[in-house]
Amino acid sequence: MSEDRALVEDVLAGRAGAFERLVRQYQGLCWHIIDRMVRHPDDTRELCQEAFLRVHQCLHQYRFESALKSWIGQVAYSVAKRHLERKRIPIVEPVAGDDDGEVFSPMDTVSDGFDLEAATADDEMAALLHAQIEALPPLQRTLLTLYHLEEVPIVEIARMTGIAEGTIKSHLFRSRALLRERLQARMGAHA
Amino acid sequence: MNHDDRDSPTPKGAGIDPREWEAQERALRAERLKLDAGHGDARTAQYRVIARALRQPPVSPMPDDFAAQVAARVAGAPRLDERVEAWLQRLLSGLLAVVAAGALAMYGPQWMPAFTGLLPDGAGAVTGWAGAVALCAAMTWGLQHLRRDDGAGGVPG
């Protein structure tokens with residue numbers, strides 16, 4: 001947090017290279033959030049720049065109440081979300097079982113003897129998984145990326161996105177279970 | 001940012017199977033810690049394949065000089081308070097011009113005889129030319145001002 005404070009103060013004081021340092025530090029997070037949301041390289045670049053311009057304009061409003069990473073992630077998420085809303089692209093799709101309280105579990109189809117090394121070495125399987133990740137709705141893709149790739153805790157993801165922790169967990173659970181179902185179907189097809 | 005068990009206790013309700021959630025979280029931790037492939041059961045192993053795929057960054061490449069590009073763009077863009085100041089200045093200038101024009105329209109006929117009385121004979125033509133020059137100067141100044149303000153804009157949002 002003290003590093004955040006020093007960096008923010010440097011940027012606000014207009015010290016040479018400070019803002020570029022800030023961008024360099026958080027560009028990966030910003031890029032991953034926006035890219036997962038919009039899935040378009042040109043839009044990602046433009047929106048990522050827009051997010052950092054907004055960070056620069058509004059940095060004086062940052063009160064150090066959360067980590068700078070969360071604050072910047074929040075800006076990136078809102079920029080991408082607004083872009084999708086303008087294009088009328090839904091960021092989340094209803095999932096079966098949401099309303100009736102049905103417990104979603106692919107546990108019944110577990111088979112023993114799964115070979116992890118063989119599975120990860122299978123290029124086709126990896127390609128299939130990536131395609132399935134890409135096919136998820138924007139919000140689910142983004143939540144998975146924040147949680148798995150960026151290692152952002154759920155409480156911080158909730159701050160970034162404004163979504164309740166329970167809802168985030170539900171999305172994470174269902175998305176991962178769905179991916180596992182698809183993985184199993186693929187393995188079944190191979191067997 | 002560190003992640004530990006406190007961040008993701010097994011959620012209750014919301015249609016989530018606690019055992020399945022635990023398997024997902026075990027797989028996530030195993031991938032982060034790069035534990036041996038033999039660690040955990042078959043279910044966890046399947047989730048590890050998924051966790052591994054999820055830890056790979058998206059495919060769109062980020063330009064190498066992205067940070068420098070953004071910093072250069074920011075250097076050419078005014079801050080929010082500067083933009084507010086510019087807009088306020090423009091608004092007040094416009095207001096002043098409107099008030100001045102109104103005052104001239106209302107009280108001009110009363111003032112003109114006093115001014116023309118001060119001028120020597122044949123001053124009517126001189127006044128006309130002086131007015132035209134003043135108008136041209138005002139228009140040039142106004143256009144330059146507007147162009148400068150437009151060039152300074154360009155920050156999205």
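Need the failing condition index for residue B:37 against (1) over 28 Å from residue A:34 (Cβ atoms); (2) of a type outside the set (Lys, Arg); (3) at pLDDT 75 or above, just the number.
So residue B:37 meets the others, but not (3).
Would you please name the residue that is surrounded by the most Cβ atoms within 10 Å (Cβ to Cβ), looking only at residues in region A:118-153 that are in a loop (DSSP other than H, G, I, E, B) and touching a helix residue (DSSP H, G or I) at 6+ places or on another chain (Cβ under 8 Å)?
Step by step, filter region A:118-153, then rank; the result is A:152.
A quick yes/no check of all residues on (1) out of contact with any Lys or Arg (no Cβ under 8 Å at 6 or more places or on another chain); (2) of a type in the set (A, V, I, L, M, F, W, C); (3) buried (at least 21 other Cβ atoms within 10 Å of the Cβ); (4) without any contact (Cβ under 8 Å) to a residue 40 or more places away in the chain:
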| residue | (1), (2), (3), (4) |
| --- | --- |
| A:25 | yes, no, no, yes |
| A:30 | yes, yes, yes, no |
| A:47 | yes, yes, yes, yes |
| A:64 | no, yes, no, no |
| A:83 | yes, no, no, no |
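Please go through region B:27-56 and give me each residue that is under 21 Å from residue A:130 (Cα atoms) and either more than 9 Å from chain A (Cβ to nearest Cβ) or hydroxyl-bearing (Ser, Thr, Tyr) (or both), ordered by number.
B:29, B:30, B:34, B:44, B:47
Considering only residues that are open to solvent by less than 10 Å² (accessible area, probe 1.4 Å) and not small (Gly, Ala, Ser), look in region A:154-176 and name the one that is nearest to residue B:50 (Cα to Cα).
A:176
Could you identify the single residue in B:72, B:77 that is within 7 Å of another protein chain (Cβ to nearest Cβ) and either at pLDDT below 90 or more than 30 Å from residue A:181 (Cα to Cα) (or both)?
Matching residue, one of B:72, B:77: B:77.
Looking at region B:36-48, I want the residues that are part of a loop (DSSP other than H, G, I, E, B) and have a partner that is at pLDDT below 90 with Cβ atoms under 6 Å, at least 6 apart or on another chain. Which pairs are those?
Pairs found: B:37/A:116; B:37/A:117.
Select, from A:95, A:75, the only residue that is modelled with pLDDT under 85, surrounded by 16 or more Cβ atoms within 10 Å (Cβ to Cβ) and either assigned to a helix (DSSP H, G or I) or not assigned by TED's automatic domain parsing to the domain that holds residue A:168 (or both).
Within the list A:95, A:75, the selection yields A:95.
Test residue B:152 against the criterion of being at pLDDT below 80, closer than 30 Å to residue A:46 by Cα and of a type in the set (A, V, I, L, M, F, W, C), and give yes or no.
Considered against the rule, which asks whether it is at pLDDT below 80, closer than 30 Å to residue A:46 by Cα and of a type in the set (A, V, I, L, M, F, W, C), residue B:152 comes out as yes.
The values are calculated or read from the model by the stated rules, or taken from the named source; none is laboratory data. Model, not experiment: these values are computed from the prediction. As a convention, Cβ positions derive from the backbone with ideal geometry for all residues, glycine included, and neighbour counts pool all protein chains shown. Note: areas computed on protein heavy atoms with side chains; ligands, DNA, RNA excluded. Shrake-Rupley method; radii C 1.70, N 1.55, O 1.52, S 1.80 Å.
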